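**Student:** Mind having a look at this structure? Questions to follow.
What follows draws every value from the coordinates through simple rules; no lab data is involved. Since the model is a prediction, treat every value here as computed from it, not as a measurement. As a convention, Cβ positions derive from the backbone with ideal geometry for all residues, glycine included, and neighbour counts pool all protein chains shown.
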Amino acid sequence: MPKWIKIEIADTDDDGPDRSRKQAESSGNDGLLLGVLAGLVVVLIVAGAGFLFRDRIFGSDVVAVVNGEEITQQGLAKEKALFVTMSSLTQGQTVPSPSDFDILNQMIAGRLKYQAAQSAGINISTTAVENQIAELEAQAGFTDAQAESALAQAGLDRSVLQAWIRRQIAISQYVSNVVLRSAPAGTEDAVVRTWSNNLQAQADVEIRLGSGGTQQTAKVGEPAPDFTLSTPDGETLRLSDLRGQTVLLNFWATWCPPCKTEMPDMEDLYQKYKDQGFTIVAVDQQESPAAVQDFFDKMNLSFQSVIDPTGETFNVYRVVALPTSYFIDSDGIIRFQHRGMMTREQMENYTSQLISD
């Protein structure tokens, strides 16, 4: 994962907050972003997210709404182009274009954090932005002229890069000066995760990418939206075929640390209740069948896994961060949604309520 973008894209590196806070404190504003790029908030997305869905009317090109702030298809396209352009510059070679779903995840998480920074009155000057761009160019080994040329070839102007850099500096300052201000040494990771969870739990986010504004979305108390997905071995699984069973529907990915942490407890839960009409379906985020099967083999997991190859099922179930879990009763009704990693006690509590009904 390109270092320049890590503030908003989840990664498996979990040790960033302490290191980056020290870098920020020692290097001042000009060094804040690159310190963050070493991994400050990589845990924010994977910590878990739950966003409220509202039925509203927006422009036809709106792909998401974050606390009233619209993200348009045009904005999404620019963000993707910026990712590819800057990642290619910093790596010295062309990088693959990520999916719209991945970029939208990045944008939603980033907007939430930037809104928090703005609400705290953090404003970043153009001078600070340009200084940070210059530092990025120096460290990555490309010139300003090369950056301008690459941006132009992608149909972008400098203002798009400036806006992105401004948001990242503001977020890093907020995390360093507000979120971690009183955090005891060694607790930074937990503090950042708690802040992220609280921020996202209170957010009002509507995801419309790929839904055309009319597709059924997952809501507690309503029937679980049906889907048909493939297993790693090429078989197909249809959710509605599991009617009559209690289902834990878990959205995850192999690169997600909290997902890996909760999987053994999920396996124990499955073994305990599988003979009582309980099953688990783990929906992976757009990874290869081989990667998913290898993960399950190494973790000794026996419950069912399927792969969402397009991100459409993730959209329907309003999954923006991992892991996210839904508990579905034997009538196919969503009874509980859990944001982020579950403890064994929480899993037991949700499941026992449905098994005993």
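**Student:** In Å, the Kirkwood hydrodynamic radius of segment 228-356 over pairs of distinct alpha carbons? Walk me through the intermediate numbers first.
**Tutor:** Numbers: mean 1/r = 0.0689 Å⁻¹.
One over the average 1/r among Cα pairs gives 14.5 Å for segment 228-356.
**Student:** Fully extended, how many nm does the chain gain between Asn349 and Ser330 (0.36 nm per residue separation, minus their Cα-Cα distance)?
**Tutor:** 5.2 nm
**Student:** Please give, to one decimal in nm, the separation of the simple spin-label points placed at Thr217 and Thr236, each 7 Å out from Cα toward the Cβ.
**Tutor:** Each label point lies 7 Å from its Cα, and together they span 2.7 nm.
**Student:** Where the Cα atoms of segment 109-155 are projected onto their three principal axes, how long is each span, largest first, in whole Å?
**Tutor:** Largest first, segment 109-155 extends 35, 22, 17 Å along its Cα principal axes.
**Student:** Ordered by packing density, taken as the mean number of other Cβ atoms within 10 Å over each peptide's residues, highest first, how do 100-112, 221-233 rank?
**Tutor:** Descending mean neighbour count gives 100-112, 221-233.
**Student:** Based on other C-beta atoms within 10 Å, arrange Val129, Val191, Val319 from fewest to most.
**Tutor:** Taking fewest neighbouring Cβ atoms as first place, the list is Val191, Val129, Val319.
**Student:** For segment 213-289, run through the GluC sites (Glu not before Pro) and keep only the ones in DSSP coil with at most 14 other Cβ atoms within 10 Å of their Cβ.
**Tutor:** When the GluC sites (Glu not before Pro) of segment 213-289 are filtered for loop state and at most 14 Cβ neighbours within 10 Å, Glu235 remain.
**Student:** Return the subset of Lys219/Lys260; Lys78/Lys260; Lys272/Lys298; Lys113/Lys272 for which the Cα-Cα distance in this structure is over 28 Å, preserving the input order.
**Tutor:** Result: Lys78/Lys260; Lys113/Lys272 exceed 28 Å.
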